[in-house]
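The values are calculated or read from the model by the stated rules, or taken from the named source; none is laboratory data. Everything numeric here is computed off the predicted structure, so don't read it as measured data. Here the Cβ positions follow ideal geometry from the backbone for every residue, glycine too, while neighbour counts run over all protein chains shown.
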Amino acid sequence: MIEAVHLTKVFTDFWRRPKVRAVNDVSFAVRAGEVFGLLGPNGSGKSTTLKLILGLLHPTSGRLRVLGRSPRDVQTKKRIGYLPEDTYSYPYLNARETLTFYGMLFDLPAGVRRERTAQLLDMIGLRHAQRRPVGEFSKGMARRIGLAQALINDPDLVILDEPTSGLDPIGCRQVKDLIQTLRARGKTVLLSSHLLADVEDVCDRIAILYNGQIRAQGTIAELLEQKSQYRLTLPELPAAALQRILAAARAELGREPVVEHPRRDLEAFFLDIVAQARRAAPEAGGVGPSAGVARYLTADEQLRKLVVPPKT
């Protein structure tokens, strides 16, 4: 889906003298149907790399192919959905008008626009606020609209730049569930985020950028697994049985083993508490409950084979 070979981008000054080497000899590939994470501190070259992939910048050297074509090809852009780091919307349009506008940019038929807009508003929990101007939305609500517009064209490649920025834990969980659903339907997701826990939850492979270069890349398991240590999880045991097991471990290791109770994930605990509260008081103030992933993103007809067009 994306192939970068020795990709380099050098920004020059007024006299065309090299000023900043934002991307320096970067090579990586994003496969069809995977979630790929692009990580790095501020100024590492993530945003420049994304702009190169989107065709907004032209590389100084190297080769870059997106869906088998140049990233500047119009046919390529039709198959891409993009959520920028900062959500840009016309503040005087309401939520429904905003999604309709983006659907018109992709030349979607009126009936398809209406159906997808309704499904997306249900998915992001903003149907009750669909007539409010987006300029009145909170940052989290505006972020949800940005995510919906990135999916209006049912893209094959979804590029998400800090998708959970400004979202509450419920919104973050919904975004991660959506990413996993897109992957299950054969979509490809390129994710850039500073929230490493989000990346770890959903990404198949990651690349870490620093100073314009890739310092590490691979699967999550390859990069994070500590093969020199083991963790053993036991069911609840009588105290005497546990002491016998610890004594055997102590004798084998020659030192005291570390014993601790596993903890619940804070996100899961938070979502349980909110779900209980919603059952007691179902009326929503800001963002309502999500109706799940939009049907057109999960419909059977979306299980089509991705055919990469020939190089031109």
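Which pairs do you get when a residue that is without any contact (Cβ under 8 Å) to a residue 60 or more places away in the chain, found in segment 216-237, comes within reach of a residue that is hydrophobic (A, V, I, L, M, F, W, C) and not in a helix (DSSP H, G or I), reach meaning Cβ atoms under 6 angstrom, with the pair 6+ apart or on two chains?
Ala216/Ile208
State which residue pairs qualify: first residue of a type in the set (Ser, Thr, Tyr) and inside segment 61-76, second residue buried (at least 16 other Cβ atoms within 10 Å of the Cβ) in any location, beta carbons under 6 Å apart, and separation of 6 or more residues or different chains.
Ser61/Thr8; Thr76/Val66; Thr76/Leu67; Thr76/Arg69
Since Gly125 meets every condition but one in (1) part of a loop (DSSP other than H, G, I, E, B); (2) over 13 Å from the mean Cα position of the chain (by Cα); (3) surrounded by fewer than 20 Cβ atoms within 10 Å (Cβ to Cβ), which condition does it not meet?
(3)
Which residue, of Gln217, Gln174, Gln130, is in contact with a Ser or Thr (Cβ under 7 Å, 6 or more places away or on another chain) and not basic (Lys, Arg)? Spell out how you get there, then give the answer.
Numbers: Gln217 fails: in contact with a Ser or Thr (Cβ under 7 Å, 6 or more places away or on another chain); Gln130 fails: in contact with a Ser or Thr (Cβ under 7 Å, 6 or more places away or on another chain).
None of the others qualify; the one that does is Gln174.
If you scan segment 177-198, which residues turn out to be in a helix (DSSP H, G or I) and closer than 22 Å to Leu209 by Cβ? Before the answer, list the steps.
So in segment 177-198, the residues in a helix (DSSP H, G or I) come out as 177-184, 196-198.
Residues satisfying the conditions are Ile179, Leu196, Ala197, Asp198.
Which of the residues that make up segment 44-65 are on the phi > 0 side of the Ramachandran plot and within 20 Å of the chain's Cα centre (by Cα)? Spell out the reasoning first.
Let us first name the residues in segment 44-65 that are on the phi > 0 side of the Ramachandran plot, namely 45, 55, 62.
Correct list: Gly45, Gly55.
Right, Ala207: free of Cβ contacts under 8 Å to residues at least 24 places away in the same chain and either crowded, with 21+ Cβ neighbours inside 10 Å or over 10 Å from the mean Cα position of the chain (by Cα) (or both) or not?
Numbers: free of Cβ contacts under 8 Å to residues at least 24 places away in the same chain: no; either crowded, with 21+ Cβ neighbours inside 10 Å or over 10 Å from the mean Cα position of the chain (by Cα) (or both): yes.
Here the answer is no, as Ala207 does not meet what is asked.
Restricting attention to segment 1-38, report how many residues are at positive phi and more than 24 Å from the chain's Cα centre (by Cα).
Here the count works out to 3.
Could you list, in sequence order, the residues of segment 80-94 that are farther than 11 Å from Gly146 by Cβ and crowded, with 18+ Cβ neighbours inside 10 Å?
Narrowing segment 80-94 to residues farther than 11 Å from Gly146 by Cβ: 80, 90-94.
Those that are farther than 11 Å from Gly146 by Cβ and crowded, with 18+ Cβ neighbours inside 10 Å: Ile80, Asn94.
Considering only segment 128-168, state which residues are among the aliphatic types (A, V, I, L, M) and assigned to a strand (DSSP E or B). Steps first, answer last, please.
Here is the first cut: in segment 128-168, the residues among the aliphatic types (A, V, I, L, M) are 129, 134, 141-142, 145, 147-148, 150-152, 157-160, 167.
Listed by number, the residues that qualify are Leu157, Val158, Ile159, Leu160.
Which one of these is closer than 16 Å to Val5 by Cα, in the same structural domain as Ile145 (by TED's automatic domain parsing), among the polar types (S, T, N, Q) and in a helix (DSSP H, G or I): Thr76, Thr48? Give the steps one after another, and end with the answer.
Working: Thr76 fails: closer than 16 Å to Val5 by Cα.
Thr48 is the lone residue from the list that is closer than 16 Å to Val5 by Cα, in the same structural domain as Ile145 (by TED's automatic domain parsing), among the polar types (S, T, N, Q) and in a helix (DSSP H, G or I).
When the residues of segment 95-122 are narrowed to those that are touching a residue at least 24 places away in the same chain (Cβ under 8 Å) and of a type in the set (Phe, Trp, Tyr), which ends up surrounded by the most Cβ atoms within 10 Å (Cβ to Cβ)?
Tyr102
Please give the number of the condition Ala268 fails out of (1) surrounded by 12 or more Cβ atoms within 10 Å (Cβ to Cβ); (2) modelled with pLDDT under 75; (3) in the same structural domain as Ser47 (by TED's automatic domain parsing).
Ala268 satisfies all of (1) surrounded by 12 or more Cβ atoms within 10 Å (Cβ to Cβ); (2) modelled with pLDDT under 75; (3) in the same structural domain as Ser47 (by TED's automatic domain parsing) except (1).
Which count do you get for residues in segment 131-158 that are farther than 21 Å from Lys176 by Cα and surrounded by fewer than 17 Cβ atoms within 10 Å (Cβ to Cβ)? Give the derivation first.
Here is the first cut: in segment 131-158, the residues farther than 21 Å from Lys176 by Cα are 131-137.
Next, from what is left, pick out any that are surrounded by fewer than 17 Cβ atoms within 10 Å (Cβ to Cβ): 131-133, 135-136.
Here the count works out to 5.
Which of the residues spanning segment 1-29 are among the polar types (S, T, N, Q) and under 17 Å from Ile53 (Cβ atoms)?
First, the residues of segment 1-29 that are among the polar types (S, T, N, Q): 8, 12, 24, 27.
Across segment 1-29, the qualifying residues are Thr8, Asn24, Ser27.
Taking the criterion of being outside any helix (DSSP H, G or I) and within 30 Å of Thr181 (Cβ to Cβ), would at least one residue in segment 237-252 satisfy it? Reasoning before the result, please.
If we filter segment 237-252 for residues that are outside any helix (DSSP H, G or I), which is where we start, we get 237-238.
The next check asks that each one be within 30 Å of Thr181 (Cβ to Cβ); those that pass are none.
Within segment 237-252, none of the residues are outside any helix (DSSP H, G or I) and within 30 Å of Thr181 (Cβ to Cβ).
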